[in-house]
Structures are given as structure tokens and as C-alpha cells.
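A quick write-up on the structure given underneath.
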Amino acid sequence: MKAILFREHGSLDALDYVENFPVPELAPDEALIKVRYAALNRLDQFVVRGWKGLDLLLPHIPGADFSGSIVALGEDVTNWVAGQPVTANPSLWCGHCTFCLAGQQSLCDTFAILGEHVRGSFAEFVKMPARNLMAVPDGFSMKQAAAAPTVAVTTWRMLVTRGQLKPGETVLLVGAGGGVNSFSIPLAKMLGATVWVVAGGAAKAQQATELGADWVIDREAEPNWSKAAYLHSGKRGVDVVVDNVGAATWEASVRSLKKGGRLLTVGGTTGYTGQTPINIMFGRQVSIIGSTMGSQLEFEDAMRLIFAGKLAVPIDRVYPLAEARQAEERMQEGVHFGKILLEVN
Ligand SMILES: [Zn+2]
């Protein structure tokens, strides 16, 4: 089958397009899907680079998100039929540890993500446990079905389950353009929050406004965005800050919080070690709340709203599968707004 793979860890140059990779073999509980579209995530780039303790079966195929059609089913799978258009929750969990039994699948003792620990979706065919699948409704965009899963489940768990974002609260999103941040705008608006965005440049500021942001700070015009947010809040600070930028913005994010505020994070693209002013933590009694991926229930809750057309994940560009490296380079440059897709079949 056609696939994007790497034989050893390295830069994005390690990504190679091949046409003769073996089709995955199914376990009894799995489905084989012919991929229509796959979507990029920052995770792909971390996996290509590798990290201490990541022990992959090489060559490895990246890719967490996809849409496609079922072509074969393992012998234990009875509730799906071949030909059904599907998408899937990219989280992989054991189903029997104490966290899984409590419905906290993203805390599973052996938690993994498609394309991170197992071969992923940048290929003609991908296999997935059937319990992860969700049917794509007739006529629904297969691009949107591929763009949504990781962003939808991650953002839903972060804002709804972990962040407890409430109507009337103000949320400040640090950064615009990435999948989670761009989807956080419509989701936070749907939850009844006022949405402020820190955007890098006039183009992204404009796109955030078009998505429904109530107030946008262009950090190129206003580098001290934390102070600007503080003043704009009437010197009270904001209820919730979302920071997935990490080291570069962490301290400013903590300083933007009001008394009793919450700082939410699902990642740190500029580094994982940020300065936390401890006096603000106790003085303003703020909370730092981490979140990652989500449960099957959270995935399905978010996807139902997307399938119903009440929410949409912004899409940046679509590249052919063979140009995955160029697509990853666009994401690495940070010039994109929304999800970057690969057209596979
Ligand atoms: Zn488990």
C-alpha cells in the first residue's frame, strides 16, 4: 500500500513516500479502513524526532486522524459492515486497568495514540479497534470527519470536563492557528463564554475574529498581551486561560488570571519548562489544570455536535499523501490556521 514512513528518527527529511508497504493484519477486535483523508497533528513531528523511551517498531507510519471506509473486520467484530464511512477516536486504551474501568481512558496505564506508539493513518489502509469507530453520517464532509477527531476530543475534555468552562466566563486563548486553539473559539462560544485570543500577526487575528472571537490581541502589535488583557478585563484578570504554547508564554498566562482563575494546558510547543510565579498561585488562589486527549464518551459527545453541524474544525489546506513532508513543514513554520489534511484515496 501507499504510505508515508520513516526508517529512523530525525528531521522531517526522514519522511519518505513508498508504494509497497504491507497492508496491516487485523486482530479479532479490529477493523481495516481504507483511508480517504488523514490529518496532521504536532504529535507527528515529535514522533518523527523521537524521544527517550519511545521504542517504535521501525519503519513507522505517523498519523492520528483519518476518515475512510471499512474494508475488512476482525472475526469478533459484529456491529459494523464493510463499506461504512467512519472516523475514529485516536486514543488507544486497555479497557481493564482501574482508570479504564472508571471511564478515564486517557489516564489508562498503557494509554497510547494512533501514529504515536503504533503505525498510523498516513497510509492507504489503517487498522483500528472497532470500539474506537464512529459512523460518518450520509453526505457529511469526509474532510471534516478526518480533521476533527484529535482536536475535538482534546478540546472537549480540556474545556468541558477538566476546565468546567461556564456561560458568562471569559476565556483567553494564547495562540491562534493550531488545531486545538482554532477549535476552542467556536466550542467556547457554544458553551456561552466570552472568547479573547492572542494571535501572532494581523492575518491570524483576522481569522480568529471571523471564527467568532470577541476580542483579539495581535501580539506583534502588542507584545505585552498579558497586561493588555488585564486592562481590558477592568484590572480583574480572566477566568480561564488556555496555554498550549508552553515555556515562551507560561508566566504571562499565569499573570493574566483573575482570583480563583484556571490555567488549562494540553501541550507546550515551545518547551515544557515555564516559570510559575508561586505568589500568584497562592495569592490569587488559581489552579493549573492539565488535560490530554479524552475518553470514548468525550469523543462521541464532541463528534455528535460536529456531525450535527453545530461546530466545525477549521481546515487550512489539503495536500496529496505523497507531499506529507511539505505539509508537515507548513505546520512547523506555524503559518497555518486550522487543520492540514492529506488526501489519500
Ligand atoms: Zn487501561
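Which order do His336, His232, His96 take when ranked by solvent-accessible area (1.4 Å probe, heavy atoms of all protein chains), largest first?
His96, His232, His336
Taking 7 Å along the Cα-to-C-beta vector as the label spot, tell me the Thr209-Leu56 distance in nanometres, rounded to one decimal.
About 4.1 nm separates the two model spin labels.
Kindly provide the GluC sites (Glu not before Pro) of region 141-246 that DSSP labels as loop, not H, G, I, E or B, and whose Cβ sees at most 14 other Cβ atoms within 10 Å.
Sites meeting the loop and neighbour criteria: Glu220.
What relative contact order, as a whole-number percentage, does the chain give when Cα pairs under 8 Å and 6 or more residues apart are counted?
Working: 821 pairs, mean separation 65.5, N = 345.
That works out to 19 percent.
Considering Cα pairs under 8 angstrom that are at least six residues apart, work out the relative contact order of region 164-290 and quote it in whole percent.
20 percent
Scan the chain and hand back the longest stretch that contains none of the chymotrypsin sites (Phe, Trp or Tyr not before Pro) lying in DSSP loops with at most 12 other Cβ atoms within 10 Å. If you can, show how the numbers build up before the last one.
On the way: sites that count: Trp51, Tyr272.
Counting at most 12 other Cβ atoms within 10 Å as exposed, the longest clean stretch of the chain is 52-271.
For region 249-322, calculate the relative contact order in percent as a whole number, restricting contacts to Cα pairs under 8 Å that are 6 or more residues apart.
31 percent
I'd like the Kirkwood hydrodynamic radius of the chain, using the inverse of the mean 1/r over distinct C-alpha pairs, in Å.
Details: mean 1/r = 0.0486 Å⁻¹.
Averaging 1/r across every pair of different Cα atoms and inverting gives 20.6 Å.
Would any residue of region 42-58 have its amide N under 13 Å from a label point 7 Å out along Cα→Cβ of Tyr272? List them or say none.
Only 46-47, 50-54 pass the distance filter.
Once each part is reduced to its C-alpha centroid, what is the distance from region 153-198 to region 209-259 in angstrom?
Between the Cα centre of region 153-198 and that of region 209-259, the gap is 13 Å.
Test of understanding: what is the full-extension gain from Asp16 to Asp29, defined as 0.36 nm times their sequence separation minus their Cα-Cα distance?
Here the segment from Asp16 to Asp29 would lengthen by 1.7 nm.
Using modelled amide H (1.01 Å from N, peptide plane; none on Pro or chain starts), what sits under 5 Å from the amide H of Asn244, excluding residues fewer than 5 places away?
When sequence neighbours closer than 5 places are left aside, the close amide H contacts are Val174.
Can you show me the helix-derived [θ] at 222 nm for the chain, built from DSSP H runs with n ≥ 4 at -39,500 (n - 2.57) apiece and divided by the number of residues, rounded to the nearest 500.
Counting only the DSSP helices, I get -7000 deg cm²/dmol.
The values are calculated or read from the model by the stated rules, or taken from the named source; none is laboratory data. Worth saying up front: this structure is predicted, and the values here are computed from it rather than measured. Cβ: placed from backbone, ideal geometry, glycine included. Neighbour counts: every protein chain shown. Only protein heavy atoms, including side chains, enter the accessible area calculation; ligands, DNA and RNA are left aside. Shrake-Rupley method; radii C 1.70, N 1.55, O 1.52, S 1.80 Å.
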